[in-house]
Amino acid sequence: MSAPAEEKSSFVINGKSWSGAVHPLKRLLDTIREDVGLTGTKEGCGEGECGACTVFLDGQVVMSCMVPTCQAEGKQITTIEGLAENGRLHPMQESFAQEGGAQCGICTPGMIMAAVAYARDPGSAEDMREALAGNLCRCTGYIRIFEAVKKAMAK
Amino acid sequence: MPDVLTTPAYRWVGHNPPRKESLEKVTGSAKYLDDLKFEGCLHGKTVRSTVPHGRIKKISFEPGVPWDEFTVVTARDIPGKNVVSLIELDQPFLADGLVRHMAEPVVLLAHPDKGMAEKAVKRVHIEYEELPAILTIEESLAGGNIQYGKDNIFKKYHIQKGDPESVWPKADVVIEGEYWTGPQEQLYIEPQGVVAVASPTGGVTVWGSMQCPFYVHKGLKPLFNLPDDRVRVIYTVTGGGFGGKEEYPTLPAGHAALLSWKAGGRPVKIVYDRMEDMWATTKRHPCKTRVKAAFTKDGKLLALKVDATMDGGAYVTLSTVVLSRGTLHAFGPYACDHVVIDTRAVFTNSPPYGAFRGFGAPQTIFPLELHLHRAACELGIEPHELRRRNLLHQGDRMATGQVMQEETGLEGLMWKAMDESKYLEKTKAYREHNRSSTRIKKGVALALFFHGAGFTGSGEVFLDSKAGLELTRDGAVRILSANTEIGQGSFTTHSQIVAEELRIPYEMVEVAVPDTAVVPNSGPTVASRTCMVVGELLRRAASDLKEVLVKSGALAGNGHTPSEFRAAAGKYLQRFGELKVYSKYKPPPDVSWDDKTYTGSAYAAYAWACYVADLEIDMATYQAQMKDFVAVQEVGRVIHPVIAAGQIEGGVAQAIGWALYEDVALKQGVMQNCQLTNYILPTTADTPPIRVFFYENPYQNGPFGAKGLGELPMDGPAPAIAAAVAFALGDRIIPRIPILPETILDAIS
Ligand code: FES
Ligand code: FES
């Protein structure tokens, strides 16, 4: 029993290049949190069910707990820390804050990422309920989240 | 914007300022426990029992693992007492010789590499001599296998008003039923997590995701034989609690601290993965209840008898108080001359059941409300009308003898809920629909209920809470309270209360991190008490702080601008160095409670509510699907309408889960389906529109009239949903939750 072997890995995260030594099968979630040092992406289940770990990989929504780091090789990753531009909150972040879309906040980064993806391409799902069904929230009953998403999309 | 039927006359109270911590939460910069980095941190793991009851014969460590790199702790390494200090002293931090439930902690491991620590858990082998286990309430009460006291009963309560026995023979109709509510996992999305640094020289410091830092503090002192000031517990941003982080965090906190102590003071982090969290931590107490009720032909409730038994699991933990709250909510908001309530919590070889939003009340409200629905069906009276004929009014006595000093307003709440949900139209239309449709059956039904805010009458007196305020260097005010922000918005509502009382901007109020070395013990963050009880302590502290500033001459007594307040604070600090003002709990006048007879004012204030559930059952899949939900309540003054509505909506969704989806499958007393793939939470697709309405009847002893509301929404949905299912199935009552497709199939075949 010993620690697994590491290999060089590189990708672009929130617009910045990153490279470092990680085991190729290490979960992207852990690489982002432990190696890149961005802890906004959360772990709620580790099995692809809760959406707390949602990030964009080349613009697509993925559950980063289900993605081995080697799959991100050379790709673009966006996390919650990459949404604000020039110190200005993304409209989705703003409306989550205003409408009470975040209570305990642990689902919030993942929820906001899923909501941003839906707002960008509303045709991607039947409706908002469908689009966010992969992101669990235990606090809100989703009502304020829907309000927040609607408000951000109306902006 | 949620509907609040009031005109706020205040600058901050009743408004919706941004939450104190929302910026950090929406940007991902909020630091939850697992986001914190500690230099040289070890990863702690817990080796748990795999039998429900047995003597430990041997613990062996499989060869091929570099055990010399690990820190290993067993019960023998405990420097102080191996007991979790809660209500009773029966639970060990680590099983010593005997295990009493599956998933009980036996051995602790720590290693610098997380993966190594994880893998090593399976390389520790514990051999048992298995002993007979008690796995159900019935087995516990059967008496053959006694593992607690003389009769396996942790606690019993008895409430008696009048004499129901004398009524049964005389009544027109007597209706009996038996009901079951299953366990439920809190399922906060952030699992349990702690970091500890502990050594004989430095004492013990713990950071963690928790509701009650002082509970952890109390638990750690005897474990290490340390005095108050050598143990420090610091709250970190907590990703949900719902009761699951009330008493439980003491265990992992103790475990991490024991590992750190043995590892020479290196920090040790323990974060459960989802499976361990679901397998090992507390759940809502399952409860079996018999209800017997006597009525006149026209629906007057003559007598009520409720007999409820909760499964407490293998250690007492909080079962006695959960049972108490269940007992005190078992009779509902109805006037009845003859009531008897008997309840008990019993031992089984299950992991201890624990605190969960509602704290016993949902378990007794469910059977009573569903029983009234059943009675209405049998009596041929509309369910709302049956309730209306029996509602508690001003001057009536509850089963505990408490006289209602003011009108509860329940009838108005009921009409409002019926109005908003179009209840009367729907009952007619759905009956019609159900006659012709075989595929989709529709149901609509209501529940009426109350929730007592704060600890029971004497409980708040024993807690003896203290909260305070201090002036900061830049002339603002900082709240000093042990009450934690777990998503319910307490940092925000407390700040609004203080800002209102001091007449300063909300932005000038800060909240100190709940840290036992810094804040006073304002009591636990539980029981819907944080806003009402602690909020009032803070309001009084604010009023006293203002008085001190005025008396010192720094502040004019007749109003001030923010900058005048700042200047006054600066002047005061320059002269006296610091200003901290504390206030202590005082029981409201004319609230007295007798623990011996269980009579008096059980709670100083009640929130009242009527909820309406509207659903459909697809008779091809037997899945019940919520369509609409209306929640009307009176909770005193609403401090922050958006936060308050969010609490209600979230509670309703959690209760929908309990009623329709969340099935804890037990085997050997422990949860089997410990994954989100097979324990189903309501998603966006399962949660209906939840429409929330508040009435405000300001409560004179709450801050600006506020009462508690956090637990209320857990109480009413399940009985309303079960009654709506009954409606959809043609008045066929399914007396148990969760109502899964297979439950419906069973009931109709
Ligand atoms: S942590 Fe990835 S989906 Fe839950
Ligand atoms: S805000 Fe707590 S889980 Fe969503």
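The values are calculated or read from the model by the stated rules, or taken from the named source; none is laboratory data. Predicted model only: the values in this text are computed from it and were never measured. Note that each Cβ is placed from the backbone with ideal geometry, even for glycine, and that neighbours are counted across all protein chains shown.
Which numbered condition in (1) over 22 Å from residue A:84 (Cα atoms); (2) more than 11 Å from ligand 2 (Cβ to nearest atom) is the only one that residue A:155 fails?
Here residue A:155 meets the rest and fails (1).
Residues to consider are A:44, A:48; find the one that is closer than 24 Å to residue B:489 by Cα and either free of Cβ contacts under 8 Å to residues at least 40 places away in the same chain or within 16 Å of ligand 2 (Cβ to nearest atom) (or both).
A:44
Which count do you get for residues in segment B:336-353 that are in contact with a Phe, Trp or Tyr (Cβ under 6 Å, 6 or more places away or on another chain) and either at positive phi or not in a strand (DSSP E or B) (or both)?
Selection size over segment B:336-353: 1.
For segment A:117-148, which residues satisfy the criterion of being at pLDDT 95 or above and farther than 20 Å from residue A:63 by Cα?
A:139, A:140, A:141, A:143, A:144, A:146, A:147, A:148, listed by residue number.
Quick one: which of A:46, A:40 is in a loop (DSSP other than H, G, I, E, B), surrounded by fewer than 22 Cβ atoms within 10 Å (Cβ to Cβ) and facing another protein chain (nearest Cβ under 8 Å)?
One residue alone meets the criteria, A:46.
Tally time: how many residues in segment B:11-69 are of a type in the set (Val, Ile, Thr), outside any helix (DSSP H, G or I) and within 7 Å of another protein chain (Cβ to nearest Cβ)?
1
Right, residue A:69: of a type in the set (Ser, Thr, Tyr) and within 16 Å of ligand 1 (Cβ to nearest atom) or not?
yes
Which residue is farthest from the other protein chains (Cβ to nearest Cβ), if the candidates are limited to segment B:689-706 and must be surrounded by 22 or more Cβ atoms within 10 Å (Cβ to Cβ) and not hydrophobic (A, V, I, L, M, F, W, C)?
Across segment B:689-706, the extreme among qualifying residues is B:699.
Within segment A:77-95, count every residue that is without any contact (Cβ under 8 Å) to a residue 60 or more places away in the chain and more than 10 Å from chain B (Cβ to nearest Cβ).
4
Report, by residue number, each residue of segment B:580-595 that is crowded, with 18+ Cβ neighbours inside 10 Å and at pLDDT 90 or above.
The answer is B:581, B:583, B:585, B:593.
Identify all residues within segment B:22-34 that are in contact (Cβ under 8 Å) with a residue 40 or more places away in the chain, under 15 Å from residue A:107 (Cβ atoms) and surrounded by fewer than 23 Cβ atoms within 10 Å (Cβ to Cβ); write none if there are none.
The answer is B:24, B:32, B:34.
Do you know which residues across segment A:96-144 are at the interface with chain B (Cβ under 7 Å from one of its Cβ atoms), away from ligand 1 (no atom under 16 Å from the Cβ) and among the aliphatic types (A, V, I, L, M)?
Hits for segment A:96-144 are A:97, A:102, A:143.
Has segment A:120-129 got at least one residue that is among the small types (Gly, Ala, Ser), in contact with a helix residue (DSSP H, G or I) (Cβ under 6 Å, 6 or more places away or on another chain) and touching a residue at least 24 places away in the same chain (Cβ under 8 Å)?
Checked against the condition, which is being among the small types (Gly, Ala, Ser), in contact with a helix residue (DSSP H, G or I) (Cβ under 6 Å, 6 or more places away or on another chain) and touching a residue at least 24 places away in the same chain (Cβ under 8 Å), segment A:120-129 yields no hits at all.
Is segment A:136-151 home to any residue that is within 12 Å of ligand 2 (Cβ to nearest atom), within 12 Å of the chain's Cα centre (by Cα), crowded, with 21+ Cβ neighbours inside 10 Å and not assigned by TED's automatic domain parsing to the domain that holds residue A:14?
There is no residue in segment A:136-151 that is within 12 Å of ligand 2 (Cβ to nearest atom), within 12 Å of the chain's Cα centre (by Cα), crowded, with 21+ Cβ neighbours inside 10 Å and not assigned by TED's automatic domain parsing to the domain that holds residue A:14.
What are the residues in segment B:525-553 that are surrounded by 16 or more Cβ atoms within 10 Å (Cβ to Cβ), at pLDDT 95 or above and out of contact with any strand residue (DSSP E or B) (no Cβ under 7 Å at 6 or more places or on another chain), if any?
B:536, B:539, B:546, B:549
Taking residue B:592 as the residue in question, decide whether it is without any contact (Cβ under 8 Å) to a residue 60 or more places away in the chain and either within 14 Å of chain A (Cβ to nearest Cβ) or more than 30 Å from residue B:430 (Cβ to Cβ) (or both).
Here the answer is no, as residue B:592 does not meet what is asked.
Does segment B:674-711 hold any residues that are without any contact (Cβ under 8 Å) to a residue 24 or more places away in the chain and within 16 Å of ligand 1 (Cβ to nearest atom), and which are they?
B:677, B:678, B:680, B:683, B:684
In segment A:52-72, is there at least one residue being in contact (Cβ under 8 Å) with a residue 60 or more places away in the chain, within 14 Å of another protein chain (Cβ to nearest Cβ), in a loop (DSSP other than H, G, I, E, B) and crowded, with 23+ Cβ neighbours inside 10 Å?
yes
Of (1) within 14 Å of chain A (Cβ to nearest Cβ); (2) at pLDDT below 95, residue B:123 satisfies all except one. Which?
Just one mismatch for residue B:123, condition (2).
One residue is enough: does segment B:657-674 have a residue meeting the conditions in contact with a Gly (Cβ under 9 Å, 6 or more places away or on another chain) and facing another protein chain (nearest Cβ under 8 Å)?
Within segment B:657-674, not a single residue is in contact with a Gly (Cβ under 9 Å, 6 or more places away or on another chain) and facing another protein chain (nearest Cβ under 8 Å).
May I ask you to say which residue of B:462, B:491, B:455, B:449 is assigned to a helix (DSSP H, G or I), touching a residue at least 60 places away in the same chain (Cβ under 8 Å) and among the aromatic types (Phe, Trp, Tyr)?
Selected residue: B:491, the only one of B:462, B:491, B:455, B:449 that is assigned to a helix (DSSP H, G or I), touching a residue at least 60 places away in the same chain (Cβ under 8 Å) and among the aromatic types (Phe, Trp, Tyr).
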